[in-house]
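Participant: Take this structure, written in structure tokens, and hold onto it; I'll ask about it next.
The values are calculated or read from the model by the stated rules, or taken from the named source; none is laboratory data. Nothing here was measured: the structure is a model prediction, and the numbers come from that model. Reconstructed Cβ throughout: ideal geometry from the backbone, glycine too, with neighbour counts over all protein chains shown.
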Amino acid sequence: MSKLQAIRGMHDILPDQSWLWRHIEQSLQGLFDTFGYQEIRTPIVEQSQLFKRAIGEVTDIVEKEMYSFEDRNGDSLTLRPEGTAGVVRACIENGLLHNQTQRLWYRGAMFRHERPQKGRYRQFHQIGVEAFGFEGPDVDLEMLLMTAAMWERLGIRDVELQINTLGTPGERARYRESLVAYLEQHLDALDEDSQRRLQTNPLRVLDSKDPQVQEIVQEAPTLMAYLDDTSRGHFDALCAGLDRAGIAYVVNERLVRGLDYYVRTVFEWVTDRLGAQGTICAGGRFDGLVEQLGGKPTCGIGFGMGIERVIALLEEQGELQQPPVADLYFVNTDETALDAQQIAMRLREQLPGTGVLVHCGGGGFKSQFKKADRSGARFALIMGPDEQQKGVVSLKPLREGGEQQELRVEQLAGYLKEVLE
């Protein structure tokens with residue numbers, strides 16, 4: 001019988017890391033609350049046509065990376081490769097965009113069938129934010145202020161904001177003609193992937209990681225030259241807002257993003273600490289996507305942050321410290337175990353947020369104290385036969401100085417409230 005194990009590129013999140021996932025999710029949820037964004041949760045599986053219409057049929061994601069299958073009814077379904085399309089579908093279907101604006105955020109697993117490597121997995125997790133119904137550059141600025149606040153809240157350093165504008169579809173179409181004409185002059189020097197993209201999605205050639213292609217791209221025409229006054233004014237206003245807010249940025253005219261639905265503002269937060277997978281957060285405007293998926297014309301902008309890459313960056317910074325399993329570890333005997341459980345329940349009610357781990361499974365006090373120490377608890381609570389008879393609990397400091405002392409059960413919560421603060 002073959003050994004059962006996780007699918008390649010999909011990983012278990014074990015207890016020694018799940019605390020960090022929870023820390024990131026809870027920290028960012030609190031931040032999004034302060035900006036007035038509400039959570040939305042969409043299905044992991046959607047109709048394949050949703051992503052083909054949203055992302056673009058000639059993108060790498062749709063052509064090569066989607067996990068698609070037919071269900072029993074013969075419908076083509078896909079594990080979501082990104083979050084925006086599902087959020088837009090949910091908003092249209094449930095009437096969330098009818099004469100109203102929306103500020104939303106989501107979290108969850110995404111799936112792409114690609115070659116697994118550090119920072120790039122077949123099941124990966126994103127936290128994303130979307131705003132609908134805001135036309136001006138002020139909401140673009142809000143998105144970037146929010147992402148800057150994310151790094152501050154999580155303690156992330158050494159990330160760089162890169163921004164660009166892709167203009168409108170009409171401006172991009174005119175630029176596309178000029179770009180293709182230029183690249184065709186260097187066709188023999190393009191790698192195989194870039195030659196294929198030249199016929200399907202030529203702007204992606206600008207994003208090539210091939211050094212020889214990058215040399216060619218440096219001399220290519222830029223999209224900025226094809227922008228009208230409105231698009232240029234939108235981008236200039238965003239830059240002015242970033243300057244006023246004191247957020248450093250780099251204008252990267254080769255930044256194009258990999259999804260067809262982006263227009264005008266696009267951005268990435270990048271780091272040089274993670275090798276090739278240096279983008280930890282990316283997004284931009286998708287003003288035509290709602291209409292493209294069957295809704296009324298509605299402006300949109302959003303971003304997605306890769307949780308695995310953020311964790312990798314935090315680990316690389318070397319400042320992670322796993323919190324203790326519990327604040328208090330209750331040592332007991334077979335005869336006193338029931339009392340210990342009852343007292344622990346009372347303490348959890350009286351001291352909200354305090355972790356109380358009660359030893360189960362028997363064993364001597366010596367082995368229990370070893371487990372108490374490994375748990376990271378600050379104090380051991382001891383309920384032996386003597387304590388039970390006297391109606392007290394012994395309190396032994398495990399992390400700081402001080403002598404073991406006895407406290408009456410009714411005094412315990414009040415004393416612990418003071419020493420645990």
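Participant: Just to be sure I understand the filter: pairs with C-beta atoms under 7 Å, separated by 6 or more residues or on different chains, first member in the stretch 131-142 and on the phi < 0 side of the Ramachandran plot, second member among the basic types (Lys, Arg) and surrounded by fewer than 20 Cβ atoms within 10 Å (Cβ to Cβ). Which pairs pass?
Facilitator: Partner pairs satisfying both residue conditions: Ala131/Arg103.
Participant: Taking the condition of being more than 22 Å from Val325 (Cα to Cα) and surrounded by 12 or more Cβ atoms within 10 Å (Cβ to Cβ), how many residues in the stretch 391-401 meet it?
Facilitator: Number of matching residues: 1.
Participant: Restricting to the stretch 208-265, give me the number of residues that are closer than 24 Å to Glu65 by Cα and not β-branched (Val, Ile, Thr).
Facilitator: 11
Participant: Within the stretch 289-300, does at least one residue satisfy the condition of being over 18 Å from the mean Cα position of the chain (by Cα), on the phi > 0 side of the Ramachandran plot and surrounded by fewer than 20 Cβ atoms within 10 Å (Cβ to Cβ)?
Facilitator: At the first step, the residues of the stretch 289-300 found to be over 18 Å from the mean Cα position of the chain (by Cα) are 289-300.
Subsequent filtering for residues that are on the phi > 0 side of the Ramachandran plot retains 294.
This time we only want the ones that are surrounded by fewer than 20 Cβ atoms within 10 Å (Cβ to Cβ), so: 294.
So far as the stretch 289-300 goes, yes, one or more of its residues are over 18 Å from the mean Cα position of the chain (by Cα), on the phi > 0 side of the Ramachandran plot and surrounded by fewer than 20 Cβ atoms within 10 Å (Cβ to Cβ).
Participant: Out of the strands (runs of 3 or more DSSP E) lying entirely within the stretch 272-383, which hold 1 or more residues that are over 30 Å from Gly86 (Cβ atoms)?
Facilitator: By residue number, 328-332, 356-358, 379-383.
Participant: Still on this structure, I have one more. Do we find that Phe32 is assigned to a helix (DSSP H, G or I) and farther than 15 Å from Arg112 by Cα in this structure?
Facilitator: For Phe32, the condition - assigned to a helix (DSSP H, G or I) and farther than 15 Å from Arg112 by Cα - is met.
Participant: A further question follows. Could you run through the stretch 9-66 and say how many residues are under 22 Å from Arg89 (Cβ atoms) and of a type outside the set (Phe, Trp, Tyr)?
Facilitator: Result for the stretch 9-66: 27.
Let's see how each residue does on (1) in contact (Cβ under 8 Å) with a residue 40 or more places away in the chain; (2) small (Gly, Ala, Ser); (3) more than 27 Å from Asn99 (Cβ to Cβ):
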position	(1), (2), (3)
His234	yes, no, no
Gly246	no, yes, yes
Thr279	no, no, yes
Phe303	yes, no, no
Arg309	yes, no, yes
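Participant: Collect the residues in the stretch 323-374 that are among the charged types (D, E, K, R) and in contact (Cβ under 8 Å) with a residue 12 or more places away in the chain, keeping them in residue-number order.
Facilitator: Once the filter is applied, which keeps residues that are among the charged types (D, E, K, R) and in contact (Cβ under 8 Å) with a residue 12 or more places away in the chain, the stretch 323-374 yields Asp327, Asp334, Glu335, Asp339, Arg346, Lys371, Asp373.
Participant: Can you find even one residue in the stretch 137-149 that is of a type in the set (S, T, N, Q) and more than 13 Å from the chain's Cα centre (by Cα)?
Facilitator: For the stretch 137-149, residues of a type in the set (S, T, N, Q) and more than 13 Å from the chain's Cα centre (by Cα): absent.
Participant: Right, another one. Determine which member of the set Thr279, Thr354, Thr333 is in the same structural domain as Ala131 (by TED's automatic domain parsing) and among the hydroxyl-bearing types (Ser, Thr, Tyr).
Facilitator: Thr279
Participant: For Ala54, which of the numbered conditions (1) in a helix (DSSP H, G or I); (2) free of Cβ contacts under 8 Å to residues at least 60 places away in the same chain fails to hold?
Facilitator: It is condition (2) that Ala54 fails.
Participant: What number of residues in the stretch 294-329 are under 16 Å from Ser18 (Cα atoms) and in contact with an Asp or Glu (Cβ under 6 Å, 6 or more places away or on another chain)?
Facilitator: 0
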